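Please read the structure below before turning to the comments.
The values are calculated or read from the model by the stated rules, or taken from the named source; none is laboratory data. In this text, all values refer to a predicted model and were calculated from it rather than measured experimentally. In this analysis, Cβ positions are derived from the backbone assuming ideal geometry, glycine residues included, and neighbour counts consider all displayed protein chains.
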């Protein structure tokens with residue numbers, strides 16, 4: 001490892017994180033990580049284990065993480081658009097009748113659900129304006 005280690009390490013979980021204090025100041029000069037808190041990203045709750053002096057850093061990390069997740073969500077949507085286009089091309093040019101038969105109903109239902117949701121959301125946005 002190069003450089004200096006951070007004072008805190010955040011182990012990401014689904015909609016949460018575990019916070020560890022990183023310690024290298026020990027006799028064996030090993031990296032020790034002591035869990036000091038659990039973060040619930042969904043409701044913003046922080047369950048600290050004892051000390052509270054790192055709450056400012058935890059709040060900073062939560063803001064950074066929320067931005068990363070928002071960007072990730074948009075990236076997922078853009079990839080879905082690309083994937084739908086690639087799927088259309090495969091259906092048109094390569095898929096056999098048997099392959100289409102096994103996925104057509106599921107795709108049509110998923111696309112209908114997406115279409116209905118997008119139309120409803122767009123109508124809601126237009127009504128607000």
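Per the conditions (1) surrounded by 10 or more Cβ atoms within 10 Å (Cβ to Cβ); (2) at pLDDT below 95; (3) not in a helix (DSSP H, G or I), the sole criterion not satisfied by residue 11 is (2). Out of the residues in the range 71-103 meeting the condition of being exposed (fewer than 10 other Cβ atoms within 10 Å of the Cβ) and not in a helix (DSSP H, G or I), tell me which one is farthest from the chain's Cα centre (by Cα). Only one residue tops the list, namely 96.
Listed here are the residues, each with its yes/no results for (1) under 27 Å from the mean Cα position of the chain (by Cα); (2) in the same structural domain as residue 13 (by TED's automatic domain parsing).
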residue: 41; (1), (2): yes, yes
residue: 47; (1), (2): yes, yes
residue: 60; (1), (2): yes, yes
residue: 67; (1), (2): yes, yes
residue: 105; (1), (2): no, no
residue: 111; (1), (2): yes, no
residue: 118; (1), (2): yes, no
residue: 123; (1), (2): no, no
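Here is a yes/no grid of residues against (1) modelled with pLDDT of 95 or more; (2) more than 27 Å from residue 14 (Cα to Cα):
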position	(1), (2)
36	no, no
79	yes, no
83	yes, no
123	yes, yes
